[in-house]
Amino acid sequence: MAGAVAPTTRLTLAGGALHREGRPFFAAGFNYHPSRAGCAYWEKWDPEVLDADFRRMAELGFNTVRFFVFWADFEPAEGVYDTEKTGRLRELARIAERHGLYCLPSLLTIWMNGQRFDPPWRGGRDLWHDEAMVERQRAFVEHIAGALADAPNVLAYDLGDEVIHVDSAASAALSPEEVRRWWALLAAAIRGADRAALVLQANEASAVTGGHAFRPENAGPLDLVGLHGFPVWTPFHIEAVDSVKASSFVPYLVRRGRAETAVLVDELGSYGCDEATAARYLRATAHSAFAAGAAGTAVWCWQDFTTQDKPYALRPNERFVGLVDADGRLKPAMDAYREFAARATGELAGFTPGPPAVGVFLPEADPGDAAYLATGGSGEAAGFYAHLLLQRAHLPYAFARPDALDRHALVVCPSVRHLSLPDQQRLTAYVAGGGTLLYTTGDLLHAFGGEELFGVRIRDYTLDPAAADSFTWQGIRYPVHRPPGQIPVLESVGADVLAAFPSGAPALTRNRHGLGTAYHLSAPLEEGINAPYRLEEAPWHLLYAGLARAAGIEPEITADEPAVETTVLHRGDERCAVVVNHAPVAVRTTLLRAGAPAGPATEVVLEPKGVRLVHWHAGTAGSTGTAGSTGTAGTTGTAGTTGTA
């Protein structure tokens, strides 16, 4: 059982994954405040409660606890540390160690459940521009790391949970360089006090979907980033916690973050649904996040709260999001999470995402100082829906770094609104070198990729939406949804026209450039899907699948149901397909494995948000081991062969 052996050594990072003594380690656990004390546990100290809770976590098979070092408790007066509470911090780490749990302390905790727990002496001073406050933060994280330096079970230090919300206006105004400088200063202070430390900083989904600079691409000074995802809070029109999009959201955040650094999903869960829905959501999301390459997961949160103190007086519904209720009953979501944790720390240990044949490249955003010229870079909806379409097409993919496009046989640039000259040159060089590019455009002028690369030019524009409201390719009609405004009217100057709009103007074109191929779609395909229920309006993913096939890309395993994810993980010559039904209904689907030698197709039935694992070895036709039982319905025993001719 995970968590049964007391930690005796710190963890390390390699290849975006955690390791313990050279062996893969997946962090699976909880965010924690005691039920009765809530956020006041450093003041209302009860080590017996911690001991009982941590023992139960370990007995249930978990190995990690994330807790919060409230700055106001530990530094009640400026520059004065509370020695008693510092001692309690060490005691908490010892209790966790006794039960085999790694600790993830979140430092500089001010923001919690929508309210501030501010040190009374801060007086509203800016955390990033006030030099005295910056020094106080540096000294504080150094103090805490020094207190825990001898603890063998510190997983990593979180600089400050969602600290951007302490002062949203100030944090939003910071440049990338200012954020990197702040991260570097605090990370250096921690590493100076604790030489074995890993350092992260955790933020909610706006670290990927928002406009501030606390983003994974700026996280060079950190060892990994913490990302939080809850389906009720997204800009992507997720219809319900039970929807296909909901359980695909956190894996999207993981994939975006992993383009830059390792990712720990240190807040995971659901709001606004019943217990059965929460269990289904957690089962599908946790497995899909693992398949996306997460280094660990920590559910929000351990237990429902009986306290009525701050912040629960103002936000009482926050009291009921635990996986254990106030009376100690395990909720259905706990069963789902236990099964996942057992797999992630056992059967799946050491499996990592396979080489991504497809890269999603989001060109750099407009710097925002172009006044009326600015339309922004690829919108966040473009990245999310590209993720969904690739998942539904069962294509192995990753978000691509601009300096590494040639790692991918196919690069997708979705619904681009702004293309800089450096990015245009990168794409041109990638195609000339033999790559295949799919470029979908979302702006008349600032996203046009160029005549040389695409073999088309803008002849004029129109304001008639009916002139370009759909196109048909390979027998499938694709409706086009655009925001009001100018619609480019293209003409070919060498490109093959594969599909046209009702007006006759080219819609989808193909141009040979150098050794490669550039496809151009004159429509914001991905952003246009960002509306309730529009994902099911057409088989959008078949466009991606068809162009990938033309580029010679064949998924290792597919399903004939697009709502079923089939992400293939590698461990040496072992393969494991994490098969996740993201749909809220049971599905019967046929799994087909590519390559030779061939084997028969396998039909499986998956319950709503159900999960199945399919194992095989590279070069073999049959599967090895069992498919597992997490979230399955109507199937037992082995997965069978999943090959095709």
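Quick note: the coordinates plus some simple rules give every number you see, no bench work behind them. Just so you know, these numbers come straight off a predicted model, no measurement behind them. Neighbour counts run over all protein chains shown; Cβ positions are idealised from the backbone, glycine included.
In straight-distance terms, cross-link reach from residue 609 covers every one of the aspartates and glutamates whose alpha-carbon lies under 12 Å from its own, apart from those fewer than eight places away in the same chain; here that gives 242, 565. Against the chain, whose longest principal axis is taken from its Cα atoms, helix 380-392 shows a tilt of about 80°. Volume per residue for the range 12-350 equals 121 cubic angstrom (convex hull of Cα atoms). Reducing the range 201-256 and the range 384-411 to their Cα centroids gives an inter-centroid distance of 17 Å.
In percent, rounded to a whole number, the relative contact order of the chain is 10, using alpha-carbon pairs under 8 Å and six or more apart.
Cβ-to-Cβ counts within 10 Å put 413, 273, 301 in ascending order as 273, 301, 413, the fewest first.
Convex hull volume per residue, computed on the Cα atoms of the range 358-550, equals 110 Å³. All Cα-Cα distances of the range 1-157, cut into 5 Å bins from zero to the largest, leave 2, 9, 18, 20, 18, 15, 10, 6, 2, 0 percent in each bin in turn.
For residue 440, the residues 5 or more places off, or on other chains, whose built amide H falls under 5 Å of its own are 413, 415, 416, 521.
The range 53-73 and the range 490-549 have Cα centres separated by 49 Å. Estimated at 0.36 nm per residue, the fully extended path between residue 131 and residue 594 surpasses their Cα-Cα distance by 160.8 nm. Volume per residue of the convex hull around the Cα atoms, evaluated for the range 30-122, comes out as 91 Å³.
Seen from a random direction on average, the alpha-carbon convex hull of the range 463-527 projects onto 4.8 square nanometres.
Taking N as the residue count of the chain, its C-alpha radius of gyration divided by 2.2 N^0.38 Å amounts to 0.98. Label-to-label distance, residue 239 versus residue 172, with points set 7 angstrom from Cα along the beta-carbon direction: 3.1 nm. Amide H contacts of residue 157 (H built 1.01 Å from N, in plane; Pro and chain starts excluded): 198, 199, 200 sit under 5 Å, all sequence-distant by 5 or more or on other chains. In the chain, the longest principal axis of the Cα atoms and the axis of helix 244-258 are about 80 degrees apart. Only lysines eight or more places from residue 85 in sequence, or on another chain, were considered; those with a Cα closer than 18 Å are 44. Taken over the range 234-348, the ratio of Cα radius of gyration to 2.2 N^0.38 Å equals 1.10.
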